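Please treat every number below as a calculation from the coordinates, not as lab data. This is a predicted model, so every value here is computed, not measured. A quick note on method: Cβ atoms are made from the backbone with ideal geometry, for glycine too, and the neighbour counts reach across all protein chains shown.
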Amino acid sequence: MKRVKVLQLISSGGYYGAENMLLNLCASQQKAGCQNSLVLFYNVHAPNVEFYERARRRGLSVRMVHCQGRADLSAVRQIEEYIEEDGIDLLHTHGYKADLYGYIAARRSRKPIVATCHNWVGGTAALGIYNHLDRMALKRFHALAAVSDSVAQRLLDSGVSAKKIRTIANGIDVQNFERAHPLPALDFDGNKVIGMVARLDLQKGFEYLLRAARDLCVAFPALKIVMVGDGSDRQAIEEMIQRFGLLSNVILAGQHSDMPGIYAAMDIFVLPSLNEGLPMTILEAMAASRPVIATRVGAIPSVIKDGETGLLVEPGDTQSLRSAVARLLSQPDLCRRIGAAGHNWVSRNYTSEAMALKYRQMYDDVLGTPAITTVHTPALDNRNADARRA
């Protein structure tokens with residue numbers, strides 16, 4: 001098998017689902033005949049090196065592109081230099097910033113380019129502009145991997161050719177979660193622990209879990225609810241915890257590197273998101289044999305078979321969420337059965353090795369096509385100029 005040299009490009013503000021997936025992919029692709037050069041944007045105005053440090057700890061080759069702002073041509077030149085230095089065959093981008101900068105660098109270097117579309121989320125008006133620009137650029141990519149059928153459909157609705165799209169589910173190192181021991185910091189003397197691992201963003205449904213927790217903590221006074229992660233809505237979540245009278249029951253644990261130990265410390269995992277693609281955290285919790293309660297959004301129903309490999313509730317439905325948690329807390333046999341079934345499902349369908357082979361096939365298909373030309377694209381260039389002024 002011919003070795004393919006791939007430049008993986010991502011802009012990271014922390015360690016979340018896309019970052020987790022990318023490290024799993026890079027760690028698994030050696031066996032698939034891929035040599036990865038991992039490149040991370042370093043935003044000088046909002047520096048974050050957590051992803052960089054995690055990649056180094058896993059023994060991966062990782063470098064930074066220094067970026068001064070929204071439109072920094074010197075960052076494009078740095079990417080081009082890495083392409084030339086490493087003899088790169090193909091670029092693989094993750095996220096709108098990497099997509100846009102990577103597209104320009106690939107066009108100038110005459111290299112093919114692919115992207116993984118993890119999800120698009122709402123937010124500020126500026127973010128809406130960037131997502132729009134991203135969709136325009138992605139139409140010109142050689143191939144796109146969607147992490148779920150729902151993300152693939154959004155690409156189709158955006159005008160991307162169906163021939164360019166393939167669905168490749170996220171994958172994880174299942175064995176890493178099978179042999180983990182509970183993190184000592186989350187040992188609460190045998191108390192039941194409800195866990196949630198997510199970016200501290202209200203889109204993840206924190207409000208609904210906290211509302212459900214008000215009644216749950218009355219019925220189960222020793223219950224602990226551990227929320228792992230960090231993000232822009234931390235203050236809003238802290239205010240809700242105080243307003244709902246949950247200061248003694250809810251722990252905001254921040255970011256942790258020992259995720260297998262985190263899941264091992266939980267009795268039940270909950271993710272009440274309003275919008276998702278395919279959350280890595282659900283796959284990890286299932287790999288750890290933890291029963292999962294999640295919302296019926298994105299690709300979650302393709303992983304969670306209600307009542308078999310987990311429990312599903314509607315997004316924003318506090319009462320159903322509360323009932324599902326109470327059901328598992330009061331039925332330990334059901335917890336064990338669902339946890340075991342979830343583990344078996346993930347082990348068969350969502351390994352990092354299977355994901356790596358599917359991406360290798362996508363690379364091989366693309367490398368048989370002509371590289372990106374240097375044709376001028378004024379529509380995209382004009383919109384990039386508009387984004388720079390935003």
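Among 247, 321, sorting on how many other beta-carbon atoms sit within 10 Å of each Cβ, with the fewest leading, yields 247, 321.
For the stretch 175-349, the Kirkwood radius over C-alpha pairs fed into Stokes-Einstein at 25 °C and 0.890 mPa s yields D = 156 µm² per second. Taking θ as phi - 60° and the Karplus parameters 6.51, -1.76 and 1.60, the scalar couplings of the stretch 249-261 work out to 10, 9, 10, 8, 8, x, 7, 9, 8, 8, 5, x, x Hz in sequence order, x denoting glycine and proline.
Estimated at 0.36 nm per residue, the fully extended path between residue 157 and residue 348 surpasses their Cα-Cα distance by 65.7 nm.
The H on the amide N of residue 35, modeled in the peptide plane, is under 5 Å from the matching H of 4, 5, 6, each at least 5 residues off or on a different chain. Sorting 188, 220 by the number of Cβ atoms found within 10 Å of their own Cβ, with the fewest placed first, yields 188, 220. Shown in residue order for the stretch 75-90 are the 3J(HN,Hα) couplings computed by the Karplus curve 6.51 cos²θ - 1.76 cosθ + 1.60 at θ = phi - 60°: 5, 4, 5, 4, 4, 4, 5, 5, 4, 6, 4, 9, x, 5, 8, 7 Hz (x for Gly and Pro). For the chain, the longest principal axis of the Cα atoms and the long axis of helix 378-389 meet at an angle of about 60 degrees.
Mind scanning 2/204; 97/358; 204/305; 31/224 and naming the pairs with a C-alpha gap bigger than 30 Å? Long pairs (Cα-Cα over 30 Å): 2/204; 31/224. Our summary gives the stretch 175-349 a relative contact order of 25 percent, counting only alpha carbon pairs under 8 angstrom and 6 or more residues apart. A cut-off of 5 Å between modelled amide H atoms, ignoring neighbours fewer than 5 places along the same chain, links residue 351 with 172. The aspartates and glutamates within cross-link reach of residue 5, meaning a Cα-to-Cα straight distance under 14 Å and a gap of 8 or more places when in the same chain, are 84, 85, 86, 89, 364. With contacts taken as Cα pairs under 8 Å at a separation of at least 6 residues, the chain carries a relative contact order of 17 percent. Using only Cα atoms and rounding to the nearest 10 degrees, what angle (0 to 90) does helix 332-349 make with the longest principal axis of the chain? With rounding to tens, the tilt is 20 degrees.
Remark: the stretch 30-107 is approximated by an ellipsoid whose semi-axes, taken from the C-alpha gyration tensor as √(5λ), come to 20, 17, 10 Å, largest first. Rounded to the nearest 10 degrees, the angle from helix 234-243 to the longest Cα principal axis of the chain is 20 degrees. Annotation note: trypsin sites (Lys or Arg not before Pro) in the stretch 1-54 located in DSSP loop regions with a Cβ neighbour count of at most 16 within 10 Å are 2, 3, 31.
Residues considered: 200, 329, 73. Largest GNM mean-square fluctuation over the chain, using C-alpha springs under 10 Å, is found at 73.
Neighbour counts of other Cβ atoms within 10 Å put 343, 181, 132, 92 in the fewest-to-most order 181, 132, 343, 92.
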